[in-house]
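> Can you keep this structure in mind? I'll have questions shortly.
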Amino acid sequence: MSAAFLEIFPDNPDKRVIAKVCEFLEKGGVVICPTDTVYAFMCDLKNKNAIEKMAKLKGVKAEKANFSMLCSDLSNLAEYTLPFNNSIFRLMKNNLPGPFTFILNANSKVLKMFQNKKTIGIRVPENNIVKEIIASLGNPLLTTSIHDDDDIIDYTSDPAILFERFSGTVEMVIDGGYGKNIPSTVIDCTQEEPTIVRQGAGIIDL
């Protein structure tokens, strides 16, 4: 198997190419796509086989994987998370879209999907390619960042290198230009007070 390599201009994504990406996703494919931070693996949230494949790419079981949901906005969070207070919602609303991942308590739907995984990361990236894919697909994507296998995390920003490296293991690599090499800032919102668990590209005032 050799992955497809598709160029998509982030300023004006071609809807016909976006539709082709969604075809791959709906069939259970895993794609590599840029975000507003680093390039990442992505799959259809509703495709169990794709989730298991993406977990295998990361070398973990799905229930142990730190996957996040990529959403176009905050309107459908209640489908996947337990209720949370207004201060957390305001914090998310004031900082999204942007380079942040908010960890929330997951509801029974996520627990079923991931065999009792109790939390889920939520991202709304400022990236037109991802936004168009989510809109066309009709539901959130599941994602995890790409990094080297050793202890020193080194995010790859060149889509041509990513294609060379992962062509035999994913269905598609999207060339949306050079990515960044700093991941999102991760905020844990599962307790009473939010806390930063990873400082990344986003600066946030808690």
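The values are calculated or read from the model by the stated rules, or taken from the named source; none is laboratory data. Treat the numbers as computed from the prediction; the structure is a model and nothing was measured. Every residue, glycine among them, receives a Cβ derived from its backbone with ideal geometry; neighbour counts consider all protein chains shown.
> Can you say whether Ile203 is among the β-branched types (Val, Ile, Thr), in a loop (DSSP other than H, G, I, E, B) and surrounded by fewer than 14 Cβ atoms within 10 Å (Cβ to Cβ), as far as the supplied structure shows?
So Ile203 passes the test.
> Follow-up question, since we're still on this one. Name the strands (runs of 3 or more DSSP E) wholly inside region 82-145 in which the number of residues that are at pLDDT below 95 and closer than 20 Å to Ile32 by Cα is 1 or more.
Result: 141-145.
> Related question: I need the full set of residues from region 157-173 which are touching a Phe, Trp or Tyr at 6+ places or on another chain (Cβ under 9 Å), over 18 Å from Ile51 (Cα atoms) and not in a loop (DSSP other than H, G, I, E, B), in order please.
Those that are touching a Phe, Trp or Tyr at 6+ places or on another chain (Cβ under 9 Å), over 18 Å from Ile51 (Cα atoms) and not in a loop (DSSP other than H, G, I, E, B): Pro159, Ala160, Leu162, Phe163.
> Go through the residues of region 136-143 one by one and say whether even a single one is of a type outside the set (Gly, Ala, Ser), surrounded by fewer than 23 Cβ atoms within 10 Å (Cβ to Cβ), farther than 22 Å from Val170 by Cα and over 11 Å from the mean Cα position of the chain (by Cα).
No, region 136-143 contains no residue that is of a type outside the set (Gly, Ala, Ser), surrounded by fewer than 23 Cβ atoms within 10 Å (Cβ to Cβ), farther than 22 Å from Val170 by Cα and over 11 Å from the mean Cα position of the chain (by Cα).
> Please go through region 26-58 and give me each residue that is more than 28 Å from Gly200 (Cα to Cα) and not in a loop (DSSP other than H, G, I, E, B), ordered by number.
Answer for region 26-58, where residues must be more than 28 Å from Gly200 (Cα to Cα) and not in a loop (DSSP other than H, G, I, E, B): Glu26, Lys48, Asn49.
> Would you confirm whether or not region 56-71 contains a residue that is surrounded by fewer than 16 Cβ atoms within 10 Å (Cβ to Cβ), of a type in the set (Val, Ile, Thr) and more than 15 Å from the chain's Cα centre (by Cα)?
Yes.
> Is it fair to say Glu192 is assigned to a loop (DSSP other than H, G, I, E, B), touching a Gly at 6+ places or on another chain (Cβ under 7 Å) and among the acidic types (Asp, Glu)?
In short, no.
> Among Val170, Val186, which is farther than 30 Å from Asn86 by Cα, hydrophobic (A, V, I, L, M, F, W, C) and under 18 Å from the mean Cα position of the chain (by Cα)?
Criteria check complete, one pass: Val170.
> Within region 40-51, which residues are out of contact with any Lys or Arg (no Cβ under 9 Å at 6 or more places or on another chain) and either under 14 Å from His147 (Cβ atoms) or free of Cβ contacts under 8 Å to residues at least 12 places away in the same chain (or both)?
Ala40
> So Lys180 clears everything in (1) within 26 Å of Val17 (Cα to Cα); (2) surrounded by fewer than 15 Cβ atoms within 10 Å (Cβ to Cβ); (3) basic (Lys, Arg) except one condition, right? Which one?
(2)
> Separate question: Yes or no: region 148-165 includes at least one residue that is within 16 Å of Asn66 (Cα to Cα), at pLDDT below 95 and in contact with a strand residue (DSSP E or B) (Cβ under 6 Å, 6 or more places away or on another chain).
no
> Now a separate question. With the condition kept exactly as written, say whether any residue in region 93-107 is over 23 Å from Leu6 (Cβ atoms), aliphatic (A, V, I, L, M) and in contact with a helix residue (DSSP H, G or I) (Cβ under 6 Å, 6 or more places away or on another chain).
No; the residues of region 93-107 include none that is over 23 Å from Leu6 (Cβ atoms), aliphatic (A, V, I, L, M) and in contact with a helix residue (DSSP H, G or I) (Cβ under 6 Å, 6 or more places away or on another chain).
> Would you be able to say whether some residue in region 71-82 is in contact (Cβ under 8 Å) with a residue 40 or more places away in the chain and within 24 Å of Tyr155 (Cβ to Cβ)?
yes
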